[in-house]
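In what follows, a structure is listed as structure tokens, so that the remarks can point back to it.
The values are calculated or read from the model by the stated rules, or taken from the named source; none is laboratory data. Not measured: the values here are computed from a predicted model. FYI the Cβ positions are ideal-geometry reconstructions off the backbone, even for glycines, and counts take in every protein chain you see. Just the protein is used for accessible areas: all its heavy atoms, side chains included, with ligands, DNA and RNA removed. Shrake-Rupley method; radii C 1.70, N 1.55, O 1.52, S 1.80 Å.
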Amino acid sequence: SVNTGNIPYVVFALVGLAVWTYIQMTITVAPMTLPSNQLVVRRSPCPRVALVTGTLIAVLPPLAVVLTASVAAAAISGGLPIQALLMPVMLAWLLVFVWGFTLLVAALGGRFRDAVAFAPLIVQAGIFLTPVGYPLDAAGSFAKVLAFNPASGLIEAWRWSLLGIAPDGFAIGVALAGTVAVVLLGWYVF
């Protein structure tokens with residue numbers, strides 16, 4: 001009984017799932033990037049950032065599948081709005097955000113071995129703190145707290161782009177600021 005307006009729930013949830021699936025898979029894989037490549041890291045002068053970027057590229061096929069299904073479902077259910085032309089920008093935003101977060105998590109995974117075991121816990125809690133299957137405004141007074149999760153703003157922006165749903169401006173602003181902060185912090189820590 002989630003109110004998604006005139007958008008079918010499956011299409012609404014699929015767009016949120018496209019973003020969350022990519023974030024989830026990279027958070028799960030990122031802490032193991034440096035420990036699993038320890039011989040390469042120790043014995044060769046290869047740039048360590050290439051290993052993290054390789055992790056992002058390796059997780060792109062599942063994103064492509066879910067994104068294709070989301071675009072097709074949105075087109076079939078009611079047509080794509082004009083802002084769907086901004087999907088490459090939304091995709092670039094997602095990749096930049098996840099790259100910064102992956103740098104941070106990979107550095108922590110290389111330094112602290114417990115980060116490898118802690119990452120799935122973050123992912124499990126994160127799906128409940130991110131509006132993947134419900135609109136952000138459906139959370140009532142808790143919506144402002146959820147808006148501080150940068151993934152919430154990303155999902156809001158993707159839904160605006162593919163479904164034409166008016167986004168929460170505060171969540172978008174937090175996501176933009178969070179993206180800049182995560183990239184700078186991730187680069188510094190890495």
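Any idea how many residues of segment 137-148 are more than 22 Å from V11 (Cβ to Cβ) and either in a loop (DSSP other than H, G, I, E, B) or open to solvent by less than 70 Å² (accessible area, probe 1.4 Å) (or both)?
Residues of segment 137-148 that are more than 22 Å from V11 (Cβ to Cβ), as a first pass: 140-142, 144-145, 147-148.
Now restrict to residues that are either in a loop (DSSP other than H, G, I, E, B) or open to solvent by less than 70 Å² (accessible area, probe 1.4 Å) (or both): 140, 147-148.
The total comes to 3.
How do the pairs read when you match residues in segment 105-121 that are over 12 Å from M32 (Cβ atoms) and open to solvent by less than 40 Å² (accessible area, probe 1.4 Å) with residues anywhere that are part of a helix (DSSP H, G or I) and at pLDDT 80 or above, using Cβ under 6 Å and keeping only pairs 6 or more apart or on different chains?
As it stands, the answer is A107/V189, since those pairs meet every condition given.
Applying the selection to segment 54-68, what residues are free of Cβ contacts under 8 Å to residues at least 40 places away in the same chain and farther than 15 Å from A18 by Cα? Step through it out loud before you land on a result.
As a first pass, look at segment 54-68 and keep what is free of Cβ contacts under 8 Å to residues at least 40 places away in the same chain: 54, 57-61, 64-65, 68.
Answer for segment 54-68, where residues must be free of Cβ contacts under 8 Å to residues at least 40 places away in the same chain and farther than 15 Å from A18 by Cα: G54, I57, A58.
Results for (1) of a type outside the set (G, A, S); (2) under 25 Å from T4 (Cβ atoms); (3) surrounded by 18 or more Cβ atoms within 10 Å (Cβ to Cβ), shown as yes or no for each residue.
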| position | (1), (2), (3) |
| --- | --- |
| E156 | yes, yes, yes |
| W160 | yes, yes, yes |
| F170 | yes, yes, no |
| G173 | no, yes, no |
| T179 | yes, no, yes |
| G186 | no, no, yes |
| V189 | yes, no, no |
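Of the residues V15, V40, which is under 30 Å from L80 (Cα atoms) and not acidic (D, E)? First the steps, then the outcome.
Values: V40 fails: under 30 Å from L80 (Cα atoms).
After ruling out the rest, the residue left standing is V15.
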